[in-house]
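Worksheet for the structure shown next.
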Amino acid sequence: MSDGSRPAHGPHVSHETRDISMRAVVWTALGFMGLGALGLLLSGLYFGILDRGGPEPPPRSIRHAVAEAAPLPPEPRLQMSPQSDLKAMREQERELLNGYAWVDRPGGRVRIPIDRAMEIVATRGAR
């Protein structure tokens, strides 16, 4: 070899003569697992103490009085139950489209179901 590099084998090639201690690897892994288990145990005990050690909730009437005394935030407020609000809105729309009601009694204007209005327009024509 003329470039000056050492040969890959021969009397000048060396390697480590001892390996890593498997005993140390196993004990280190067991130590980490033990610390993890200890951490889980301590956190479980801590949260168990917090769960049953709190004060008793106030009676229902006191909670309602406090909630009623609190001022409402300014408009627009968040919806407390959007699903039920949507259901109520759809029901009101359905009543408007499918029900009879006076719009202007002195003027003789009424609201009729949309299907009936389409039938009348189809038979008489639009004015």
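For the reader, a short list of remarks on this structure follows.
- Taking residues in region 106-127 that are closer than 16 Å to Arg94 by Cα, and partners anywhere that are among the polar types (S, T, N, Q), the pairs with Cβ atoms closer than 6 Å and at least 6 places apart or on different chains are Pro113/Asn98.
- Counting only residues that are of a type in the set (Asp, Glu) and either modelled with pLDDT of 90 or more or more than 45 Å from the chain's Cα centre (by Cα) (or both), region 102-127 holds 2 of them.
The values are calculated or read from the model by the stated rules, or taken from the named source; none is laboratory data. Being a predicted model, the structure only gives us computed values, none of them experimental. A quick note on method: Cβ atoms are made from the backbone with ideal geometry, for glycine too, and the neighbour counts reach across all protein chains shown.
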